[in-house]
1. Name the residue, out of 53, 35, that is in the same structural domain as residue 134 (by TED's automatic domain parsing) and either exposed (fewer than 12 other Cβ atoms within 10 Å of the Cβ) or more than 26 Å from residue 120 (Cα to Cα) (or both).
2. When you check residue 32 against the structure, is it touching a residue at least 60 places away in the same chain (Cβ under 8 Å) and under 25 Å from residue 101 (Cβ atoms), yes or no?
3. Give the number of residues within region 56-77 that are touching a helix residue (DSSP H, G or I) at 6+ places or on another chain (Cβ under 8 Å) and surrounded by fewer than 12 Cβ atoms within 10 Å (Cβ to Cβ).
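The values are calculated or read from the model by the stated rules, or taken from the named source; none is laboratory data. Because the structure is a prediction, the values reported are computed rather than measured. Because the Cβ atoms are built from the backbone with ideal geometry, glycine has one as well, and the counts that use them run over all protein chains shown.
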């Protein structure tokens, strides 16, 4: 907009940026079977999301460490002499996951690297933390709800109940379900 003299007109407006919510927002839903120490770290992350993205992403990384412990992935190297032990780096713990979790390794590595950036980088954006939330959300639902597997089982039950459907129609329905839950 311009004024009568052709100069740009300044229009004041209010701009608000949230810094904290109490109670905190739940930025993704946790499956019911998530271990308490994992859920606790994720909730700590939610509390810090707006005021300290770097701290928020660090709590997601800690939640990942706790999740790997729950999955029985080795935490410490123990030495034969004495009681000395040293922590296994997170990168190594992720690599030691059994093959059945290969589909989660990239998600876990992405969370690890975002956590590293939160600790050692200059700044981390809320968008990067939101990415970490997406990765953790996907991993938790895969581990504790197996959503895709349950949906596919339901689809197969429908096919058994509806034998009158033609093969092509049954194929199209299965393809649709697979595309939306893959």
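1. Details: 53 fails: either exposed (fewer than 12 other Cβ atoms within 10 Å of the Cβ) or more than 26 Å from residue 120 (Cα to Cα) (or both).
Of 53, 35, the one residue that is in the same structural domain as residue 134 (by TED's automatic domain parsing) and either exposed (fewer than 12 other Cβ atoms within 10 Å of the Cβ) or more than 26 Å from residue 120 (Cα to Cα) (or both) is 35.
2. Working: touching a residue at least 60 places away in the same chain (Cβ under 8 Å): yes; under 25 Å from residue 101 (Cβ atoms): yes.
Criteria met by residue 32.
3. Residues meeting the conditions: 0.
Residues checked against (1) under 21 Å from residue 138 (Cα atoms); (2) surrounded by 15 or more Cβ atoms within 10 Å (Cβ to Cβ); (3) free of Cβ contacts under 8 Å to residues at least 40 places away in the same chain:
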{"residue": "79", "(1), (2), (3)": "no, no, yes"}
{"residue": "88", "(1), (2), (3)": "no, yes, yes"}
{"residue": "91", "(1), (2), (3)": "yes, no, yes"}
{"residue": "95", "(1), (2), (3)": "yes, no, yes"}
{"residue": "102", "(1), (2), (3)": "yes, no, yes"}
{"residue": "110", "(1), (2), (3)": "yes, yes, yes"}
{"residue": "115", "(1), (2), (3)": "yes, yes, no"}
{"residue": "120", "(1), (2), (3)": "no, no, yes"}
